[in-house]
1. Based on what the data block shows, is ASN90 of a type outside the set (Phe, Trp, Tyr), over 20 Å from GLN34 (Cα atoms) and out of contact with any Pro (no Cβ under 8 Å at 6 or more places or on another chain)?
2. For segment 72-95, give me each residue that is of a type in the set (Val, Ile, Thr), within 26 Å of ASP54 (Cβ to Cβ) and in contact (Cβ under 8 Å) with a residue 24 or more places away in the chain.
3. Between residues in segment 96-118 that are more than 13 Å from LYS84 (Cβ to Cβ) and residues that are surrounded by 14 or more Cβ atoms within 10 Å (Cβ to Cβ) and of a type in the set (A, V, I, L, M), which pairs lie under 6 Å by C-beta distance while being six or more apart or on different chains?
4. Identify the residue in segment 107-120 that is surrounded by 14 or more Cβ atoms within 10 Å (Cβ to Cβ) and modelled with pLDDT of 95 or more and, among all such residues, is farthest from ARG33 (Cα to Cα).
5. Select, from LEU123, LEU98, LEU130, the only residue that is of a type in the set (A, V, I, L, M) and surrounded by fewer than 17 Cβ atoms within 10 Å (Cβ to Cβ).
6. Against the conditions (1) modelled with pLDDT of 95 or more; (2) not hydroxyl-bearing (Ser, Thr, Tyr); (3) not in a strand (DSSP E or B), where does GLN142 fall short? Just the number, please.
7. Take the residues in segment 64-88 that are of a type in the set (Lys, Arg) and surrounded by 14 or more Cβ atoms within 10 Å (Cβ to Cβ); name whichever of them is farthest from the chain's Cα centre (by Cα).
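The values are calculated or read from the model by the stated rules, or taken from the named source; none is laboratory data. Model, not experiment: these values are computed from the prediction. Cβ placement follows ideal geometry from the backbone for every residue including glycine, while neighbour counts extend to all protein chains displayed.
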Amino acid sequence: MRRLALVLFLFLGVFVAFATDAADQSRVIALERQLWEAWTHSDNAALEKLWASDYQEIDGDGLRNKRQALAANVGDTITEYSLKNMKIVNPKPGVALLTYEVTYTISENGKLQPQKHSYISSLYVRRGSLWRQVFAQESVAQ
């Protein structure tokens, strides 16, 4: 009887851990979509809330911290975007690495730019009960 109880306890523990991981993964994907919506609406206030205070990003223009990234977004608007092949790796509890492809069009200071296709990596960390993006990298597809 004790063995059965132990097996059930372990099974339920694994199930609960899996459910938590799935919920966290869904939350991270939802946050990433919120970031794209914030860029679409030039909503720096939303970006500021979604990015950690120690946020960093890197792309073809270089490395930027949170303050620099927010300043770089002024005057830019995503006019359309499509995210695909989203995958998450959890190297340890409370950390999620999201990778995916994006195709988007951006208007920079009112001038529509050619459509871009890029690969994105986004690193999220759970701090307390909140997930925040701490790092993002964009690599333009060749």
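1. yes
2. VAL74, ILE78, ILE88, VAL95
3. Listed pairs, sorted by first residue: ALA96/VAL28; ALA96/ILE88; LEU97/LEU123; ILE106/ILE78; GLN113/ILE106.
4. LYS116
5. Checking each option against the conditions leaves just LEU130.
6. So GLN142 meets the others, but not (1).
7. ARG64
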